[in-house]
1. Quick one: which helices (runs of 4 or more DSSP H) sit completely within region 694-796 and have at least 1 residues that are of a type in the set (Lys, Arg) and over 14 Å from the mean Cα position of the chain (by Cα)?
2. Spot the failing condition for Ala824; the list is (1) closer than 21 Å to Arg627 by Cβ; (2) of a type in the set (A, V, I, L, M, F, W, C); (3) part of a loop (DSSP other than H, G, I, E, B), and only one is missed.
3. For region 392-403, name all the residues that are touching a residue at least 12 places away in the same chain (Cβ under 8 Å) and either buried (at least 18 other Cβ atoms within 10 Å of the Cβ) or part of a helix (DSSP H, G or I) (or both).
4. Using the structure shown, decide if Glu302 is over 27 Å from the mean Cα position of the chain (by Cα), of a type in the set (Asp, Glu) and closer than 29 Å to Asp169 by Cβ.
5. Within region 880-899, restricting attention to residues that are closer than 26 Å to Phe416 by Cβ and without any contact (Cβ under 8 Å) to a residue 60 or more places away in the chain, which residue is surrounded by the fewest Cβ atoms within 10 Å (Cβ to Cβ)?
6. Being hydrophobic (A, V, I, L, M, F, W, C), surrounded by 21 or more Cβ atoms within 10 Å (Cβ to Cβ) and in contact with a Lys or Arg (Cβ under 8 Å, 6 or more places away or on another chain) is true for just one of Leu307, Leu389, Leu329. Which residue is that?
7. Would you check if Val839 is outside any helix (DSSP H, G or I), β-branched (Val, Ile, Thr) and under 23 Å from Cys399 (Cα atoms)?
8. Being over 23 Å from Asp403 (Cβ atoms) and in contact (Cβ under 8 Å) with a residue 40 or more places away in the chain: is that true of Glu902 here?
Amino acid sequence: MEASSYGTGISAVTNGKTKIHQPVSSEGRKDLQGNRLETQIPIDPDAQKRDADFSEILNAIQEIAKDVNIFFDELEGVNSPSKDDDSLLHHGNLTSTSDDASRLEAAGEGEHDKNKSNGLYFRDGKCRIDYILVYRKSNLQTEKREVFERNIRAEGLQMEKESSLTNSDIIFVKLHAPWEVLGKYAEVMNVRMPFRRKIYYLHRRYKFMNRIEKQISRFRGWLPRKPMKLDKETLPDLEENDCYTAPFSQQRIHHFIIHNKDTFFNNATRSRIVHHILQRVKYEEGKNKIGLNRLLSNGSYEAAFPLHEGSYRSKNSIRTHGAENHRHLLYECWASWGVWYKYQPLDLVRRYFGEKIGLYFAWLGWYTGMLFPAAFIGLFVFLYGVTTLSHCQVSKEVCQATDIIMCPICDKYCPFMRLSDSCVYAKVTHLFDNGATVFFAVFMAVWATVFLEFWKRRRAVIAYDWDLIDWEEEEEEIRPQFEAKYSKKERMNPISGKPEPYQAFADKCSRLIVSASGIFFMICVVIAAVFGIVIYRVVTVSTFAAFKWALIRNNSQVATTGTAVCINFSIIMLLNVLYEKVALLLTNLEQPRTESEWENSFTLKMFLFQFVNLNSSTFYIAFFLGRFTGHPGAYLRLINKWRLEECHPSGCLIDLCMQMGIIMVLKQTWNNFMELGYPLIQNWWTRRKLRQEHGSHRKASFPQWEKDYNLQPMNAYGLFDEYLEMILQFGFTTIFVAAFPLAPLLALLNNIIEIRLDAYKFVTQWRRPLASRAKDIGIWYGILEGIGILSVITNAFVIAVTSDFIPRLVYAYKYGPCAGQGEAGQKCMVGYVNASLSVFLVSDFENRSEPASNGSEFSGSPLKYCRYRDYRDPPHAPVPYGYTLQFWHVLAARLAFIIVFEHLVFCIKHLISYLIPDLPKDLRDRMRREKYLIQEMMYEAELERLQKERKERKKNGKSYHNEWP
């Protein structure tokens, strides 16, 4: 919604939130070095008068709001339209958000001695530590640090230094932001703070629906009530209060709900403000000598982080003694394995770690919840294959085909084999490739659309509840690296009206061209790696066929596939390290303007690299393996030397299933180990060294900054690795799901573990990350939509090309016993295996392809004919080994299926997208209602002000004609 203004300096409502635009003072805004900046809004001589008027208006608004609340309460008690409704008007808590948040922070902190000992305060026990800087005395960058710290103090931050208890060379710099500094920069950063409670209506419920719910509740009365919800009585403060917010203004500070200045800004906001200051403080003369990041990169400081709020463990139970701090509360109700089945306390996560991390866990929880129906249907498809296996005519014919001899699958060393030797593989193939596969592929395509559409609705609710509706890009800061690079070229910002660094269009294009070339080169590296895997498969299948061990010799093709997948996984993990460095280099070369642009550019590059790296071999197996091999006597060869690999006699789908299963399990296991196991081992090793050097009795006496310093820092790229892992998993779950219906189930099991692993890692193993804001998951949503579109295409090709669904369908309707009868049951598949195999004259083998064995072990005499998978004429036909009519019928049916499947599924996806609105109706109505109420309040307040002015003019003897009102 667009903001509508009423009077000078006031903006009524934006997206259902009250938003205040105050006139800029005559001094204007100043930068961190004391240089005066140009004011954004021209100064009006009557600014002070308008400020006084504004104060009167807001005071009147609060008085009118009280009257409105009383009126609705009385109205509800007298005229309640439904006895089942407890209330039509929902009132937020009158206590401020900061006051509620301060209860845990203030618990147990009344004594100064305890404040000093717990490591969260300065030595005086009053000034809370908002940020920690760490450096070594032996470092030679002393002058830069001194200038930097002198400028920090000039900005108003208070500072204390402490030596490490474990290493005298390590110095901790404790920073505290006083109230004046917090207020000043909160105004500069447009930090929104609560100024009054919200009022909104709950939807009325029809009596019919109430009666239905009562009937349902009788049947579920024996079940635990909401077992997945956290216990709000024993675990309090899990939800933020509902308050209107506005950008903080020191001139109108009396309008905000401030019960305690020390806790008005929560700890996450305080550290964010301090970080904002540190990013714009100079350490040397010159525009490019600015910011904490540069000092961290050149080694002046070793680390910089906000503190955790104490220990996450307690000797006392949280249910009897309550939580000692927010970290302890998060550990008990979120990171503990005992609550794995509970909903996540997202409001508490957001309060402690910030909106950006909170949104990640909200998305991860939503994705995991949506996997339940997909996993259930996928398991049903698999079980359907298990139950129908005994009735599968194709599997029966393969297992009973002891008289059908198949041609060798490689040159010389591969022997002839009976088709019945593929009995096990034919049965396994039926588990994944059965009559329910097409339905599941359509379902997953629709599921992906429903998942994304309902996530948009969920994100809108979260953005509204977390006050992110008004957070726009123009409020984002320019990266210090961009400022340093283009400080000589400036132009006026059309939004703020201030001069800012500018990147010329030609410079930007040239950098993008170089970056795109680098991306193309790295993708070619991935393709080259896949080519190497293909050569390995071609060479190894012959080696395994001549192996001494009978187990490997008889299963040479499966052994080749299994080892190739493991080698491919190793190459994937090795190339990931290279891709990360290249993506970082190319992204820095582009010089993005803001942090979000940098993240989006880096994310897109890494996703392209990792997606191609992870899925290139899978695409090869799905769409190229065994498709262009030729036929016996005329095989196609790689560089005229190596014969291309063929599919197993039971088909290529078993290879694709093995590829997906091994990669998915190994990658998820490896990621979980690297995410949690590696930090656990590092932290354990650090604690072990400390115990050896200083004894175990010193552990409890370490201050909080020492404990946090010994934890692992958060990944330099923030949540990138977390999102990338889940997005790649989403791709595996949707792109080739027709070949592996158990993928959603594996993803679900992994994600249930992943949520608690990530929570445990954030709370216990990592230093506290800086609280950052974000209104959505960024570029990842566009990537998810792209994967959803790609999944429709790939699944259509998997069903039509990789599986035998279409050939079986064509045989049943055209060539089988039921041809022309419109039936396609198991009885119509009699003879399908024989019809899908062609005949080859053994004497027509090329010299380099002729097998070492003549096949006499099967019938006592050399074989004259062997069979192979294809639709070709026999050797004595007028055109030997030419394509049969059945081949063209199957090809036409495959193409028709792809076109029909894609158009049908895309139509369903677009229809669902159209029918599901991005905003829930109750949220839209709530936002409109809030806008209406506040506009009415402002109108009444303005009317009262004008009446008051009229009375004052009459009192002073000044009266004018045609006055209003």
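The values are calculated or read from the model by the stated rules, or taken from the named source; none is laboratory data. It should be emphasised that the depicted structure is a prediction, and the values quoted were computed from it without experimental measurement. We place every Cβ from the backbone using ideal geometry, glycine too, and count neighbours over all the protein chains shown.
1. Numbers: elements: 704-709, 720-735, 743-760.
Because the criterion is at least 1 residues that are of a type in the set (Lys, Arg) and over 14 Å from the mean Cα position of the chain (by Cα), the helices (runs of 4 or more DSSP H) in region 694-796 that meet it are 704-709, 743-760.
2. For Ala824, the failing item is (1).
3. The answer is Cys392, Gln393, Val394, Ser395, Glu397, Val398, Cys399, Gln400, Ala401.
4. For Glu302, the condition - over 27 Å from the mean Cα position of the chain (by Cα), of a type in the set (Asp, Glu) and closer than 29 Å to Asp169 by Cβ - is met.
5. Taking the candidates together, the pick is Gly882.
6. Sole residue among the options that is hydrophobic (A, V, I, L, M, F, W, C), surrounded by 21 or more Cβ atoms within 10 Å (Cβ to Cβ) and in contact with a Lys or Arg (Cβ under 8 Å, 6 or more places away or on another chain): Leu307.
7. Details: outside any helix (DSSP H, G or I): yes; β-branched (Val, Ile, Thr): yes; under 23 Å from Cys399 (Cα atoms): yes.
Yes: the conditions hold for Val839.
8. Yes, satisfied.
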